[in-house]
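Colleague: To start, I am sharing the structure in question, which I have written as structure tokens.
Read-outs: derived from the displayed coordinates by stated rules, not from any lab. Quick caveat, the model's predicted, so the values are computed rather than measured. All Cβ positions, even for glycine, are placed from backbone atoms using ideal geometry, and neighbour counts span all protein chains on display.
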Amino acid sequence: MNRFLFKCLLFFVIAAGLNLGYVIFLKAMSPTYQKVDDARDLKDKNVDLLIFGNSMALDGFDAQWLTKQGIPSYNMAVGGCHISSSTMQMEHYLQHNKAPKYAVLALSGAIGNSYLNKIPYPNPEMEFVYHDGPKEWVSNPPLLNLQWLFIDALKIVISKEHREATIELGQWRTQKCIPDQGIAGSHVVLPRYYVQQLLPFLASCKTHHIEPILVEMPAGVSKRNHLPAQYNISLAGTNYTVFNANASTESATFIDDQTDWLSENHLNVHGGEKFTKYFFDHILKQ
């Protein structure tokens, strides 16, 4: 019996050590993990504008540029994020910081409905970081649940472009450039705004007197739509304006498809600054 207990204890110690070591490794080598960790640890911040969304917003919203224009900002967006995880981020931030004036919800209708999926898909990395504790370590051990982040860290080792990339006020900034070779589409797909997924985020904004700003992120040529630059949607009896930066008439005015993309539908640092300037001039200052 004692031998069995000893083996169980030894297994537990080894497993705990390996998982702890992996988290230390991620904190040192994974920019994605570092980003989530840093956002969670924000305390006593007083910013005017927060940005929420997935990887399109992570790359595309230049919080540093906005801050230089006199709008203190922070980019909370995380790759693979679902609106439910953004809501969790918002609520956690408001517990430890002053409420911002604006909360930008960066929508990614151009690449599908994953961010607003009817079935919530909480980001496992965010769930682990924000619910860090013994229960989370046991139910979702990072060595198993976050193993995909090892690839993220490996890119830093083998890619000079990744090593030279930085995260500034939450934005992933890289000079990497892959020209967009897409062909303009002819059909219009209206993004689906699932009421039940957006309402908790919007309710939090209302409670804390925050103005929500809904923005469709710009995408590559083949993913742009022919919808108006602004249109209204109704959610639970309340009308909201969607600012459609992915309208072909809009994105073509500020995006250079040969120089401004780091990958398909994701802006590099140059495209991010151009889009953010467009957002500042045509949306925020309205």
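Colleague: Calculate for the chain the 222 nm mean residue ellipticity that helices alone would give, adding -39,500 (n - 2.57) per DSSP H run of length 4 or more and normalising by residue count, nearest 500 deg cm²/dmol.
Modeller: The helix-only estimate for the chain comes to -13000 deg cm²/dmol at 222 nm.
Colleague: Mind checking which of Leu143, Phe52, Gln196 is farthest towards the positive end of the chain's charge dipole, using Cβ charges of +1 (Lys, Arg) and -1 (Asp, Glu) about the Cα centre?
Modeller: Sorting the options by dipole projection puts first Leu143.
Colleague: Which helices, counted as full DSSP H runs in the chain, have an axial Cα extent of no less than 18 Å and a Kyte-Doolittle average of 0.0 or above?
Modeller: Those that clear 18 Å and a mean of 0.0 are 2-29.
Colleague: Rounded to the nearest 20 debye, what is the charge dipole size of the range 1-283 about its Cα centre when +1 sits on each Lys and Arg Cβ and -1 on each Asp and Glu Cβ? All intermediate terms of the calculation are to be shown ahead of the outcome.
Modeller: Details: 23 positive and 26 negative charges, 138 e Å.
That gives a dipole near 660 debye.
Colleague: Please report the base-10 log of the normalised intensity I(q)/I(0) for the range 127-286, using a Debye sum with one equal scatterer per alpha carbon and no solvent, at each q in 0.08, 0.17, 0.19 (1/Å).
Modeller: Log10 of I(q)/I(0), two decimals: -0.34, -1.18, -1.22.
Colleague: Which entries in the list Lys35/Lys118; Lys206/Lys274; Lys27/Lys155; Lys35/Lys176; Lys68/Lys223 go over 21 Å, if you measure between the two C-alpha atoms of each? Please report the intermediate quantities before stating the final value.
Modeller: Values: Lys35/Lys118 26 Å; Lys206/Lys274 30 Å; Lys27/Lys155 15 Å; Lys35/Lys176 19 Å; Lys68/Lys223 31 Å.
Over 21 Å apart, Cα to Cα: Lys35/Lys118; Lys206/Lys274; Lys68/Lys223.
Colleague: Next up: Give me the orientation-averaged projected area of the Cα convex hull of the range 1-283, in nm², one decimal. Before the final figure, lay out each step's value.
Modeller: Values: hull surface 67.8 nm².
That works out to 16.9 nm², a quarter of the Cα hull's surface.
Colleague: log10 I(q)/I(0), Debye, Cα-only the range 1-138, no solvent, q = 0.12, 0.22 Å⁻¹?
Modeller: Evaluating at q = 0.12, 0.22 Å⁻¹ gives log10 I(q)/I(0) of -0.56, -1.38.
Colleague: Summing Lys, Arg as +1 and Asp, Glu as -1, what charge do residues with Cβ under 12 Å from the Cβ of Pro179 carry, Pro179 excluded?
Modeller: That sum, taken over residues with Cβ under 12 Å, equals -4.
Colleague: Quick check: Cα centre of the range 17-91 to Cα centre of the range 146-218, how many Å?
Modeller: Computed from Cα coordinates, the inter-centre distance equals 11 Å.
Colleague: Place the peptides 72-82, 93-103 in order of packing, highest mean first, counting for every residue the other Cβ atoms within 10 Å and averaging per peptide.
Modeller: Top to bottom by mean Cβ count within 10 Å: 72-82, 93-103.
Colleague: Still on this model: How big, on average over all directions, is the shadow cast by the Cα convex hull of the range 49-103, in nm²? It would help to have the intermediate numbers written out before the result.
Modeller: On the way: hull surface 14.4 nm².
Result: 3.6 nm².
Colleague: Length gain on complete extension for the stretch Ala229 to Leu199, per 0.36 nm per residue less the alpha carbon to alpha carbon distance?
Modeller: Working it through step by step, the gained length comes to 8.5 nm.
Colleague: Could the peptides 27-38, 133-144 be put in order, highest first, of the mean number of other beta-carbon atoms found within 10 Å of their residues? Please report the intermediate quantities before stating the final value.
Modeller: Details: 27-38: 18.2, 133-144: 13.4.
Answer by packing, highest mean first, reads 27-38, 133-144.
Colleague: Same structure, new question: State, to one decimal in nm², a quarter of the convex hull surface area for the C-alpha atoms of the range 139-211, i.e. the direction-averaged projected area.
Modeller: 10.2
Colleague: Viscosity 1.306 mPa s, temperature 10 °C: what is the translational diffusion coefficient of the range 207-286 from Stokes-Einstein with a Kirkwood Rh over Cα pairs, rounded to a whole number of µm²/s?
Modeller: Values: Rh = 13.5 Å.
For the chosen part, D equals 118 µm²/s.
Colleague: Which whole-number percent gives the relative contact order of the chain, counting Cα pairs below 8 Å spaced six or more residues apart? Don't skip to the end; give the middle numbers.
Modeller: Values: 502 pairs, mean separation 64.4, N = 286.
Relative contact order of the chain: 23 percent.
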